[in-house]
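What follows is a short report on a single structure.
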Amino acid sequence: MDRVLIVAPSGPMRGLEAAALTRYGFDVRTAEDAETALQLCLGDPPDVVVVPAGLAGADGMMFTAALRASPATRRVPVLALATSLEEVARQSEDAPADTVLLRPVRVRTLVQELTLLTTRPGVAVAVAAAAGRTPRRDRSRRARD
């Protein structure tokens, strides 16, 4: 089961995203701000983090930089959700994410992107190993070949 951390200042949005991803089999944790998210990531790294592109201000840049600086979390993929094309461009410059999706996002699309991020060759194994967990089976195409 892939472990997802959802960072969203809006309680209702966190709840909706968490409920949707849980129905698709993800193990979901939530945080309302960058500081809380960073503490959760450093304590027990998730397989992927979902953040609003609007978090790209000082908090977002600090969060991404700190995530990338720690050996335990440097390979944790980040998916940003943007509400405008301007946010997409700003996200690319300020706090680069591995993937940026433009809202509204269909749940199925979000699930597909999260699955792609967590099944890249070696990512799941590297994240689990850095966190001191037993790596789950690498489901990437390369691992099956």
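Throughout, read-outs are computed from the coordinates displayed, never taken from laboratory work. Computed from a prediction, not measured in an experiment: that's the story for all the values here. All Cβ positions, glycine included, derive from the backbone under ideal geometry; neighbour counts span all protein chains shown.
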Length gained when the stretch residue 66-residue 108 is fully extended (0.36 nm per residue, less Cα-Cα span) = 12.1 nm
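Using 0.36 nm per residue, how much length does the chain from residue 86 to residue 13 gain when fully extended, once their Cα-Cα distance is taken away?
Separation in residues times 0.36 nm, less the Cα-Cα distance, equals 24.2 nm.
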query = Between residue 20 and residue 1, what is the spin-label point distance in nm, taking each point 7 Å from the Cα along the Cα→C-beta axis?
reply = 2.0
query = Given labels modelled 7 Å from the Cα in the Cβ direction, how far is it in nm from residue 27 to residue 74?
reply = 2.5
key: Values of log10 I(q)/I(0), in the order q = 0.09, 0.11, 0.18 Å⁻¹, for the stretch 4-111 under a Debye, Cα-only, solvent-free model   = -0.19, -0.29, -0.82
